[in-house]
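Undergrad: Can you keep this structure in mind? I'll have questions shortly.
The values are calculated or read from the model by the stated rules, or taken from the named source; none is laboratory data. Note that the structure is predicted; figures quoted are calculated from it, not measured. So basically every Cβ, Gly included, is an ideal-geometry build from the backbone, and we count neighbours across all protein chains shown.
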């Protein structure tokens, strides 16, 4: 299950954010920016404090209920993927996200680099990608990681499903930041 | 006679290449000191050999994106931008026609409109975009209008047009190519591109070809 995707530009600004699960409580747009900026800072610090020279920054941040995966491109753009701890083949998904980004953002003449991403085709293809890796909460009836969600219609199974995906965004933000600071 | 001439000109190119120092990997075929030749220089390559000489879609997409950004800075308004794109396409088309006619050994000169359009629909599209166009239709409203449609045009594959310039169709570039080929074959016409999305193909582009009156008059005589 994939909860959210964020893209942070090389200056630490949030250029794209999208949630793919319904149960998440929303942050204000300002809080999203703060989250992105803070992660950018933490990422820079972690790469500096490493005893091994030339280390990459933080790659994964783990809690009981979710993981934040980070992938930094050669040009300094960071992709953050908030996912279920059991979500398989994150590396592959990350690569596909990068591919989608380079196809529909970098090659789009109307998309300025380092600016907020407004590209319809990017949205469409990213959604398709998240669906294809079983990332959507809406289509989780065939997701083996959600136990007790056999019938999407019944109220009981729905509550079971929602209790098994507890991370709400404030959770993610506070624990993520807490660990960083 | 002509083969002799071309052979000697080929030789002179090769001897020039041999006498010039190679410039930073630009010419990979310059004979090295070991006398080996890795690949053939694009200038020495035979024009009729097309296998393995295709250009990557990504390389094209980057180039086209830069062309659009360059043009966008130098125009006022969308109409102007489309006109410029059309001009750029025209320059491509006039050269492509030359190459196509050279490659197609049994080609005859098309004298009828339908044959000409079919040539564009198949041969031109195949050479330029690696597939045939998806449809060739005659307008039901106007006698002088024909339409060639491409369900998934390579030109706008990676492009999302923002809302404020939503009337823009990057297919204007393709329209320019078609216009050049029509012009070059003595079928002067006005060619424009329009987005006509259908179910499953949101990028579907129709190239509208409006023939000049003289073409229709000639067509009438040939009947």
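Undergrad: Of all residues in the range A:82-92 being part of a loop (DSSP other than H, G, I, E, B) and in contact (Cβ under 8 Å) with a residue 24 or more places away in the chain, which is farthest from residue B:202 (Cα to Cα)? Let's see the steps before the verdict.
TA: Step one: list which residues in the range A:82-92 are part of a loop (DSSP other than H, G, I, E, B), which gives A:84-89.
Remaining after also requiring in contact (Cβ under 8 Å) with a residue 24 or more places away in the chain: A:84, A:86-87, A:89.
Details: A:84: 33, A:86: 36, A:87: 32, A:89: 31 Å.
This residue is A:86.
Undergrad: A further question follows. Suppose we keep only residues that are within 18 Å of the chain's Cα centre (by Cα) and touching a residue at least 60 places away in the same chain (Cβ under 8 Å) within the range A:68-81. Which one would you say is surrounded by the fewest Cβ atoms within 10 Å (Cβ to Cβ)?
TA: Of all residues in the range A:68-81, those within 18 Å of the chain's Cα centre (by Cα) come to A:68-73, A:76-81.
Add one more test, that the residue is touching a residue at least 60 places away in the same chain (Cβ under 8 Å), and what stays is A:68, A:76-81.
On the way: A:68: 23, A:76: 13, A:77: 21, A:78: 22, A:79: 20, A:80: 24, A:81: 22.
The residue in question is A:76.
Undergrad: Does at least one position in the range B:140-147 carry a residue that is more than 13 Å from the chain's Cα centre (by Cα), loosely packed, with under 13 Cβ neighbours inside 10 Å, under 17 Å from residue B:190 (Cα atoms) and free of Cβ contacts under 8 Å to residues at least 12 places away in the same chain? Quick ask: steps written out before the conclusion?
TA: The first filter runs over the range B:140-147 and keeps only residues more than 13 Å from the chain's Cα centre (by Cα), leaving B:140-147.
With loosely packed, with under 13 Cβ neighbours inside 10 Å added as a condition, the list becomes B:140-143.
This time we only want the ones that are under 17 Å from residue B:190 (Cα atoms), so: B:141-143.
Cutting the leftovers down to free of Cβ contacts under 8 Å to residues at least 12 places away in the same chain gives us B:141.
Yes, the range B:140-147 has at least one match.
Undergrad: Kindly check whether there is at least one residue in the range B:124-133 that is in the same structural domain as residue B:109 (by TED's automatic domain parsing) and over 17 Å from the mean Cα position of the chain (by Cα).
TA: The initial filter retains those residues of the range B:124-133 that are in the same structural domain as residue B:109 (by TED's automatic domain parsing), namely B:124-133.
Applying the additional criterion that residues be over 17 Å from the mean Cα position of the chain (by Cα) yields none.
Among the residues of the range B:124-133, not one is in the same structural domain as residue B:109 (by TED's automatic domain parsing) and over 17 Å from the mean Cα position of the chain (by Cα), which makes the answer no.
Undergrad: With respect to the numbered conditions (1) part of a helix (DSSP H, G or I); (2) touching a helix residue (DSSP H, G or I) at 6+ places or on another chain (Cβ under 8 Å); (3) over 21 Å from residue B:135 (Cα atoms), which one is the sole condition not fulfilled by residue B:167?
TA: Going through the list (1) part of a helix (DSSP H, G or I); (2) touching a helix residue (DSSP H, G or I) at 6+ places or on another chain (Cβ under 8 Å); (3) over 21 Å from residue B:135 (Cα atoms), residue B:167 breaks only (1).
Undergrad: Looking only at the range A:126-133, decide whether some residue is more than 14 Å from chain B (Cβ to nearest Cβ), part of a loop (DSSP other than H, G, I, E, B) and modelled with pLDDT under 90.
TA: Looking for residues that are more than 14 Å from chain B (Cβ to nearest Cβ), part of a loop (DSSP other than H, G, I, E, B) and modelled with pLDDT under 90, one finds at least one in the range A:126-133, hence yes.
Undergrad: Within the range B:160-176, which residues are in contact (Cβ under 8 Å) with a residue 12 or more places away in the chain and farther than 15 Å from residue B:201 by Cβ? Let's see the steps before the verdict.
TA: Filtering the range B:160-176 down to residues in contact (Cβ under 8 Å) with a residue 12 or more places away in the chain leaves B:165, B:167-176.
Answer for the range B:160-176, where residues must be in contact (Cβ under 8 Å) with a residue 12 or more places away in the chain and farther than 15 Å from residue B:201 by Cβ: B:165, B:167, B:168, B:170, B:172, B:173, B:174, B:175, B:176.
Undergrad: Taking residue A:62 and the conditions (1) free of Cβ contacts under 8 Å to residues at least 24 places away in the same chain; (2) more than 17 Å from the chain's Cα centre (by Cα), which numbered condition does it fall short on, given that it satisfies the others?
TA: (2)
Undergrad: Exactly one condition in (1) surrounded by 16 or more Cβ atoms within 10 Å (Cβ to Cβ); (2) out of contact with any strand residue (DSSP E or B) (no Cβ under 6 Å at 6 or more places or on another chain); (3) more than 25 Å from residue A:134 (Cβ to Cβ) is not met by residue A:13; state its number.
TA: (1)
Undergrad: How many of the residues making up the range B:100-142 are assigned to a loop (DSSP other than H, G, I, E, B), farther than 18 Å from residue B:53 by Cβ and touching a helix residue (DSSP H, G or I) at 6+ places or on another chain (Cβ under 7 Å)?
TA: 6
Undergrad: Within the range A:93-121, how many residues are free of Cβ contacts under 8 Å to residues at least 40 places away in the same chain and either in contact with a helix residue (DSSP H, G or I) (Cβ under 6 Å, 6 or more places away or on another chain) or part of a helix (DSSP H, G or I) (or both)?
TA: 17
Undergrad: Of all the residues that make up the range B:49-65, how many are under 16 Å from the mean Cα position of the chain (by Cα), touching a residue at least 12 places away in the same chain (Cβ under 8 Å) and within 14 Å of chain A (Cβ to nearest Cβ)? Can you show your working first?
TA: First, the residues of the range B:49-65 that are under 16 Å from the mean Cα position of the chain (by Cα): B:50, B:53-57, B:59-61, B:63-64.
This time we only want the ones that are touching a residue at least 12 places away in the same chain (Cβ under 8 Å), so: B:50, B:54, B:57, B:60-61, B:64.
Now restrict to residues that are within 14 Å of chain A (Cβ to nearest Cβ): B:57, B:60-61, B:64.
Residues meeting the conditions: 4.
Undergrad: Might you check whether a residue that is part of a strand (DSSP E or B) and touching a strand residue (DSSP E or B) at 6+ places or on another chain (Cβ under 8 Å) occurs anywhere in the range A:21-33?
TA: Keep residues of the range A:21-33 that are part of a strand (DSSP E or B), which gives none.
Checking the range A:21-33: not a single residue is part of a strand (DSSP E or B) and touching a strand residue (DSSP E or B) at 6+ places or on another chain (Cβ under 8 Å).
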